[in-house]
Amino acid sequence: MRPPVVVIGLGHRWMGDEGIGPAIVERLGQVPLANDLAEYVDLGTRGLALLHVIDGRQKAVIIDCALMGLSPGQMRRFTLDQVAGTKVLSGVSDHQADLLGLLTLAKTLGQLPKEVVIFGIQPRLVGPGMHISEDLMARIDYYLETIMAELGQPVC
Amino acid sequence: MGIELKINVHHVTRVEGHGNITVEVSGGQIRQIRWEVPEAPRFFEAMVRGQHFTDIQTIVSRICGICSITHSLAATKAVEKAMGIEVSPQTDTLRILMHYSEQLQSHILHIGYLAAPDFFGVPSVVPLASSALEAVKTIVRLHRLANEWSDLLAGRTTHPVTLVPGGLTRIPTEQQLRDLKQRLEGATKDLLTVVDVVGSVADRIPRFERPTEYVSLRQLDPPTYTFYHGQIGSTDCQGLVPIEQWHSVANEYVSDQSTAKWCRWHRDSYAVGALARFNNNAQLLSPLAKDVAARLGLAKGCCNPYMNTIAQLVECAHVVETSIQMIDGLLQKGLRQERPRSRAVRPGLGVGCVEAPRGILFHQYEFDKKGRCVAADICIPTGQNHANIQKDMEALLPQIMHEGQDAVRQKLLMLVRAYDPCISCSTHAIEVRFL
């Protein structure tokens, strides 16, 4: 039986701040949760597999690097109805997946969890390298605490 | 007044990576028709130099996010050849089972997400879900099965971690194999649903034929529709070429319209992939796969490149049906915990060759006496198809240019997509504005 909540880190860990989602999920995975409430998934760049990991869940919490016009390191919580995608895509493939498009697809398929929460983190630099910018690393505890609070868990 | 066309597609959509199409027809005369690959080289062959032989398969798996198992298998086979390591029959079967998971994963991705929107006249799978809900649900279900099948055998969906020279670091339990078998048996029904859906739109597959050479692995002993063992075969010659002589097959050369090398053998281009495998080995398909081919009108000798997508669907049936038999065989013998085999490190050269979903793949490595890589040479399937795509376009354009700009553009896009080219990797950041 799958846990009712899934926490998903999206992004490419070899592309600088693009890897902030998986980096946070890795840290969250080291904190035990009560009652097997949530499963943590480092989805990396396997965008299409998002459809598989959210299927059958009550809630999905997605953490991703997001270009939102904010200052580097700023995190913002939003739901699907609060944003419009501005990413220009040439289609959907394993090389080009758009989170919002995939969530829309999941909704059409009737496989969208009741609650989907996205934590977007504004990057400083997206480019080759496994280093996450200091602007983001300085706030890592804040990110973890906010997401744990979202899960209704005591702050670690 | 003659036909006027000016088409510049930068980049082709719904393919893995970036490629361009440029067409110019003026006064009914074709001035230009080009398939271009503008992506920067990635230098994997240089990256592995100096690396220990035990690390090669892990590094080169990163060549691709879709056929990473295939690259790892080709590299592992090459390393084992160089080091003189022979794996156990159980390891061999489990690796083939792992390889089949990727064939299904990649083919279903192409059929359902990349090619199907063309058949239904929509830009992507997202709007397709509104008009063909059950079909898309079926595709998602099959894709998930293939991903989880890879997880089980390879340790994760992409970039396998269980593959090492000499064996596997982890194998599934017998219960996990029984569960997998049950899911594969259930998948047969889903595959037939996809066959029905594709059959219902098969009249939208362009009717275009251009005889060319089809190159793939062929395995005679025992006769097998092979993705993993065998020697190099071609529809243009009877005999088989040992994989160690792959350079005499690929004959790579540089084209000024591509950052990827082009290939040619008996003609000025050749094709690899599902249709090539089918044309060389169709008589060896599983019963279900033969049935699917017959239902979708695919027969040996087909030279319509658009039918490559159909050949992929035929292969989906083959790998599912054959895997069920392989699991039965493993369970009958009983799984044994085996340590990866090893031998004393030695200098040497090895070639590994397997069929990637997109076609035949060659990996060659040379090692020094400490087991450090001193040279690497990798030839990927999409690179082998580039010249054939160009020749197809040159033959197709005169036949369709009277159909108008939009129709020509669409048929050229579909042609490229039919080859399921896998050109590179990119990033996936989201971009939003707040309402």
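The values are calculated or read from the model by the stated rules, or taken from the named source; none is laboratory data. What you are looking at is a predicted structure, and each value in this text was computed from that prediction instead of being measured. As a convention, Cβ positions derive from the backbone with ideal geometry for all residues, glycine included, and neighbour counts pool all protein chains shown.
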Worksheet item: Among all residue pairs at least 6 apart or on different chains, which show Cβ distances below 8 Å where the first residue, located in region B:182-196, is free of Cβ contacts under 8 Å to residues at least 60 places away in the same chain and more than 16 Å from B:Asp328 (Cβ to Cβ) and the second is of a type in the set (S, T, N, Q) and buried (at least 17 other Cβ atoms within 10 Å of the Cβ)?
Response: B:Asp190/B:Thr138; B:Thr193/B:Thr138
Item to complete: Check B:Ile85, B:Ile59, B:Ile111 and return the single one that is farther than 30 Å from B:Thr138 by Cβ and either within 14 Å of another protein chain (Cβ to nearest Cβ) or acidic (Asp, Glu) (or both).
Response: B:Ile59
Worksheet item: B:Pro127 is checked against (1) surrounded by fewer than 24 Cβ atoms within 10 Å (Cβ to Cβ); (2) away from chain A (no Cβ under 11 Å); (3) part of a helix (DSSP H, G or I) and fails just one. What number does that condition carry?
Response: (2)
Worksheet item: Which one is surrounded by the fewest Cβ atoms within 10 Å (Cβ to Cβ) among residues in region A:7-26 that are part of a strand (DSSP E or B) and without any contact (Cβ under 8 Å) to a residue 60 or more places away in the chain?
Response: A:Ile8
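Considering only residues that are aromatic (Phe, Trp, Tyr) and crowded, with 19+ Cβ neighbours inside 10 Å, look in region B:252-267 and name the one that is farthest from the chain's Cα centre (by Cα).
B:Trp265
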Item to complete: Answer with yes or no whether B:Pro357 is within 14 Å of another protein chain (Cβ to nearest Cβ), buried (at least 17 other Cβ atoms within 10 Å of the Cβ) and at pLDDT 95 or above.
Response: yes
Response to the item:
Given the conditions (1) surrounded by fewer than 20 Cβ atoms within 10 Å (Cβ to Cβ); (2) in a loop (DSSP other than H, G, I, E, B), every one holds for B:Lys6 apart from (2)
Worksheet item: Does region B:203-222 include one or more residues that are surrounded by fewer than 22 Cβ atoms within 10 Å (Cβ to Cβ), part of a strand (DSSP E or B), at pLDDT 95 or above and over 21 Å from the mean Cα position of the chain (by Cα)?
Response: yes
Fill in: From the options B:Met393, B:Met401, residue that is more than 23 Å from B:Thr226 (Cα to Cα) and in contact with a Gly (Cβ under 9 Å, 6 or more places away or on another chain)
B:Met401
Worksheet item: Hey, among the residues in region B:143-166 that are away from chain A (no Cβ under 11 Å) and assigned to a helix (DSSP H, G or I), which one's nearest to B:Gln312 (Cα to Cα)?
Response: B:Trp149
Worksheet item: Among the numbered criteria (1) more than 14 Å from every other protein chain (Cβ to nearest Cβ); (2) surrounded by fewer than 24 Cβ atoms within 10 Å (Cβ to Cβ); (3) among the hydrophobic types (A, V, I, L, M, F, W, C); (4) farther than 20 Å from B:Val319 by Cβ, which single criterion is violated by B:Val79?
Response: (2)
Fill in: Boolean, B:Lys290 is within 23 Å of B:Glu39 (Cβ to Cβ) and basic (Lys, Arg)
no
Discussion item. Test of understanding: among B:Met414, B:Met393, which residue is within 14 Å of chain A (Cβ to nearest Cβ) and either crowded, with 23+ Cβ neighbours inside 10 Å or not hydroxyl-bearing (Ser, Thr, Tyr) (or both)?
Written reply: B:Met414
Worksheet entry | Contacts under 6 angstrom Cβ, first residue in region B:27-48 being on the phi > 0 side of the Ramachandran plot, partner part of a loop (DSSP other than H, G, I, E, B), 6 or more apart | B:Gly27/B:Gly2; B:Gly28/B:Gly2; B:Gly28/B:Ile3
Practice prompt. Check B:Asn308 against each of (1) part of a strand (DSSP E or B); (2) under 19 Å from the mean Cα position of the chain (by Cα) and name the one condition it does not meet.
Written response: (1)
